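Here is the structure we will look at, set down as structure tokens.
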Amino acid sequence: MNTANFIPNILEYSLEKATYKWQTPSNIALVKYWGKSDPQIPKNASISFTLNNCHTTTQIEFIKIESTEIPLFELFFEGKKKDDFKPKIATFFDRIKKYCPYLLEYKMIIHSENSFPHSSGIASSASGMSAIAMCLIHLEKELTLNTDDAFLKQKASFLSRLGSGSASRSVEGPIVVWGKHPEIVGSSDLYGVKFPYPIAPIFQDFQDTILLVDKGEKQVSSTVGHNLMIDHPYAENRFKQANENLSILSKILQEGAIEEFIKLVESEALTLHAMMLTSQPYFILMKPKTLEIINEIWKYRSETKSNVCFTLDAGANVHLLYPKKEKESIAVFIQEKLSQYCQNNQYINDYSGLGSSKI
Ligand code: PMV
């Protein structure tokens, strides 16, 4: 599949008005994407759990206008006009207009809201960009009369990727791979694909409690972070290691090898942060409480033989990952031990979900 396949054929703009509303979730990477080349092509393949409760709901009203040169839109976030979010969306529309020529034929009124607090340190670009992409693709479906849902999902992921790389992994669930990988059938640098093999029972309905350590704005944007991998002394080894880790994780997920899962996933999280620690300029996104939590998890695991583990995003929050059957005991562990390290004792219980849904 090459990019030309995503340029739609003849479109009829007889539709005067249409409204679509979609909800798409965030995702948490197990093998991390960190480093890219233009246009949003990942340096290595990555894999994530699609989440369920952390999501963005977006409604777009399309109103037919005379053709314009630049996409016209108004943006409301949680009911209020949000002009400071507009440049990011405008860049996204500019990047995808070649694949969505209808963006120049309609004015868009966008209403968006997140299920999680905006300044929670949870990246909203994955859920936000994919929710917009789902609305666009449903307009396209109506304009082209294309009913090939597999293609439409693939294109929604392709468009999402051009908004934010990790957003390509939010269209479907429960586990998605993005980036070409020899052992993942159908994988591509252009869009995410559902993990194509059977998932062992222990990894079904996997739980993710997000411990909100630092709810501030990101200190380093992911764009800056990805760019710091360009001349990074360890970059080539890191990209190779990530692809190897994905091969190993693919087997782990099929075989249900939970102990191997824990080792690999925690190592991936720490390696992501090690890349940040060793870039020029270098930076630290973990906070003292991030480390306190990690030590508590390791202590708890050695005392109880639990299968809980952690992963990290590009921030200080800790994602606590565990099998569903440990839900009750981990709830007590969080309540008694971990919540004290969270800002205002806040955390969000989530689990692996199935991706985008129509509202
Ligand atoms: O999608 P971006 O450009 O915000 O990059 C996300 C990178 C990580 O969240 C750190 C890792 C990942 O694979 O999601």
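The values are calculated or read from the model by the stated rules, or taken from the named source; none is laboratory data. Nothing here was measured: the structure is a model prediction, and the numbers come from that model. Ideal geometry is used to build each Cβ from the backbone, glycine not excepted, and the neighbour counts take in all protein chains shown.
Side notes on the structure shown:
- Check on residue 184, within 16 Å of the ligand (Cβ to nearest atom), more than 12 Å from the chain's Cα centre (by Cα), closer than 21 Å to residue 56 by Cα and in contact (Cβ under 8 Å) with a residue 60 or more places away in the chain: no
- The combined condition, being part of a loop (DSSP other than H, G, I, E, B), of a type outside the set (D, E, K, R) and more than 23 Å from residue 106 (Cα to Cα), is not fulfilled by residue 52.
- Residue within the stretch 141-161 that is closer than 30 Å to residue 342 by Cβ, within 16 Å of the ligand (Cβ to nearest atom), modelled with pLDDT of 95 or more and touching a helix residue (DSSP H, G or I) at 6+ places or on another chain (Cβ under 8 Å) present: yes
- Within the stretch 1-59, being within 16 Å of the ligand (Cβ to nearest atom) and under 17 Å from residue 141 (Cβ atoms) holds for one residue alone: 24.
- Of all residues in the stretch 3-26, those satisfying the criterion of being aromatic (Phe, Trp, Tyr), modelled with pLDDT of 90 or more and under 22 Å from residue 61 (Cα atoms) are 20, 22.
- Yes/no for residue 91 being part of a loop (DSSP other than H, G, I, E, B) and free of Cβ contacts under 8 Å to residues at least 60 places away in the same chain: no
- Conditions (1) at pLDDT below 95; (2) within 16 Å of the ligand (Cβ to nearest atom); (3) surrounded by fewer than 21 Cβ atoms within 10 Å (Cβ to Cβ): number failed by residue 122: (3)
- Pick from the stretch 208-226, criterion more than 14 Å from the ligand (Cβ to nearest atom) and buried (at least 21 other Cβ atoms within 10 Å of the Cβ), ranking: farthest from residue 315 (Cα to Cα): 209
- Taken over the stretch 94-137, residues that are under 21 Å from residue 319 (Cα atoms) and either among the charged types (D, E, K, R) or part of a loop (DSSP other than H, G, I, E, B) (or both) amount to 10.
- Complete set of residues in the stretch 308-359 that are within 18 Å of residue 48 (Cβ to Cβ) and free of Cβ contacts under 8 Å to residues at least 60 places away in the same chain: 309, 310, 312
- The lone exception for residue 67 - which of (1) within 30 Å of residue 214 (Cβ to Cβ); (2) among the small types (Gly, Ala, Ser); (3) in a loop (DSSP other than H, G, I, E, B) it fails: (1)
- Filter pass, residue 114 being within 30 Å of residue 241 (Cβ to Cβ) and either surrounded by 18 or more Cβ atoms within 10 Å (Cβ to Cβ) or modelled with pLDDT under 95 (or both): no
The rows are residues; the columns are (1) under 30 Å from residue 211 (Cα atoms); (2) loosely packed, with under 15 Cβ neighbours inside 10 Å; (3) among the aliphatic types (A, V, I, L, M).
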residue: 6; (1), (2), (3): no, no, no
residue: 25; (1), (2), (3): yes, no, no
residue: 36; (1), (2), (3): yes, no, no
residue: 60; (1), (2), (3): no, no, yes
